[in-house]
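Have a look at the structure below before the remarks.
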């Protein structure tokens, strides 16, 4: 801001338009982002839609659990493994939400 209270015009460079991700990746591999972006105005964002890193585990389940998972998954036209992952994520999210609630509101 200038002394008279008016905003100074931006001295940042305009980010070019790219025809592909490869072209953009090549550009940013050499460009100084501070010439294009005012990082002091950046806001933290959740990157929840990024594909998470996966880790393979092995668990033993009773046969009836696998049978019921398979039956329920078939109704939804998904694999029992996918359904199990959905159940786990749902439960973890519920537990985390419960931890964030104030005491006595459960």
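The numbers here are math on the coordinates, done by the rules we state, and not lab data. Predicted model only: the values in this text are computed from it and were never measured. Reconstructed Cβ throughout: ideal geometry from the backbone, glycine too, with neighbour counts over all protein chains shown.
Each 5 Å bin from zero up to the one holding the largest Cα-Cα distance in the chain carries the following percent of pairs: 2, 7, 9, 11, 12, 8, 8, 10, 10, 9, 7, 3, 2, 1, 1, 0.
Between helix 63-76 and the chain there is an angle of about 60 degrees, using the helix long axis and the longest principal axis of the Cα atoms. Here the sum of -39500 (n - 2.57) over DSSP H runs of 4 or more residues, divided by the residues of the chain, equals -14000 deg cm²/dmol at 222 nm, to the nearest 500.
Taking a virtual spin label 7 Å from the Cα of residue 54 along the C-beta vector, which residues in the stretch 67-106 bring their backbone nitrogen under 19 Å of it? Correct set: 70, 73-74, 77-90.
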